[in-house]
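These notes are about the structure you will find just below.
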Amino acid sequence: MVLTEQQVEQYHEQGYVVVENAITPEQVAALRAQFQQWVEDSREHRKPFGEIMGGRARFDMAPNHSADQPGLRRVSSPQEISADYLAVMRDNRALDALTQLYGPNLKFNNAKINSKLPGANSEVKYHQDFLFEPHTNDDLATVLIFLDDVGLENGPLEVVPGSHKGPMYEHWHDGVFTGAIDDAITAQHAPNALLATGLAGTACIMHTRTLHGSAANSSTQSRTVYIVEYAAEDAIPLIVNHIPSEQEGEVVRGQYTGRIRATAFDMAEPEYPSDVSFFSQQEEHGKV
Ligand SMILES: O=C(O)CCC(=O)C(=O)O
């Protein structure tokens, strides 16, 4: 068992739990080395590059990216192009923890890397992941695996405890899908947010409806996280995955049951991103 009874209860009450040593130091080193290689590759590019299924770019850079100061901030579906990322997606201790939270049968939904390099002004506005990816039920979790030590200064994840049991907030404003909740609602909740910090190799498991965001990196240390989303096997997607990959739907724990479990909810259909990532979706509309 990875989680104590108290941690299981914390997840259900607060909508998140932190697992230390979710991956091994050797895995951390391998994922970091691969990411560093992608940062080097990005020096050659002025615009997002590479391609994922559906034709959008795989690698996304911050607006102030340059060859001298690379600002690679997003890699979509890294498990498609790296055996090390694929192995971690398929097996890590956070996934074992998830079986304690959502039962034995789990599947992969999507994955990405978010990186806040020093000097790259990447902020994430408050949002709820489920509002980007409705399923027939909300037994979904976002697992953020830290590839760097995450402290108070390098833009840690901010989570609003208990918010997964509250409303699903609107992410459309004045007819535009901004990928963020209203500023007034953020102002109301942000003071209650807790910061998820820890050493490289730690994972934060977050409920798909938990309100969260993160500030820009104000330190000289990078903050790179491998973000993998999993779902209970009987949670069936209601719309197209916004980060498609060849592994989507792969059963990673337990077995395929052929069951569909549905719970009632009401929300607006999200907009499928035309650009690389929600960073640009949030940015375009003055949210970043
Ligand atoms: O990178 C972060 O700090 C947050 C990422 C996030 O909220 C997301 O990708 O949904």
Provide the per-residue ³J(HN,Hα) series for the range 249-263, in order, calculated from phi with Karplus coefficients 6.51, -1.76, 1.60 and θ = phi - 60°, each as a whole number of Hz, with x at glycine and proline positions.
x, 4, 6, 10, 8, x, 9, 6, 10, x, 8, 10, 10, 10, 10
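In Å², what does the accessible area per residue of the range 5-284 work out to with a 1.4 Å probe? Walk me through the numbers before you get to the answer.
Values: 11700 Å² over 280 residues.
Here the per-residue accessible area is 42 Å².
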Projected label distance in nm at Gln6 and Thr220, using a 7 Å step from Cα toward the beta-carbon
3.8 nm
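What does the charge dipole of the range 5-284 about its Cα centre add up to, to the nearest 20 debye, if the Cβ of each Lys and Arg holds +1 and the Cβ of each Asp and Glu holds -1?
Numbers: 20 positive and 40 negative charges, 68 e Å.
In debye, rounded to 20, the range 5-284 gives about 320.
Could you sort the peptides 43-55, 132-144, 14-26, 255-267 by per-residue average Cβ neighbour count (10 Å cutoff), highest mean leading?
Sorting 43-55, 132-144, 14-26, 255-267 by mean packing, highest first, produces 132-144, 14-26, 43-55, 255-267.
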Built amide H within the under 5 Å cut-off of Thr136, gap 5+:
Ile236, Leu238
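Quote to one decimal, in nm, the extra length available between Glu40 and Ala67 on full extension: 0.36 nm per residue of separation minus the C-alpha distance between them. Walk me through the numbers before you get to the answer.
Details: separation 27, 0.36 × 27 = 9.72 nm, distance 0.88 nm.
Length gained between Glu40 and Ala67: 8.8 nm.
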Under 13 Å between alpha carbons, and skipping anything fewer than 8 positions from Lys112 in its own chain: which aspartates and glutamates qualify?
Asp60, Glu80, Glu229, Glu248
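Take every Cα pair under 8 Å in the range 5-284 that's 6+ residues apart, average their separations, divide by the length, and report that relative contact order as a whole percent. Walk me through the intermediate numbers first.
Values: 630 pairs, mean separation 83.1, N = 280.
After rounding, I find 30 percent.
The values are calculated or read from the model by the stated rules, or taken from the named source; none is laboratory data. Fair warning: this is a prediction, and the values are worked out from it, not measured in the lab. Virtual Cβ from ideal backbone geometry, glycine too; neighbours counted across all protein chains shown. The accessibility values were calculated without ligands, DNA or RNA, using every heavy atom of the protein model including side chains. Shrake-Rupley method; radii C 1.70, N 1.55, O 1.52, S 1.80 Å.
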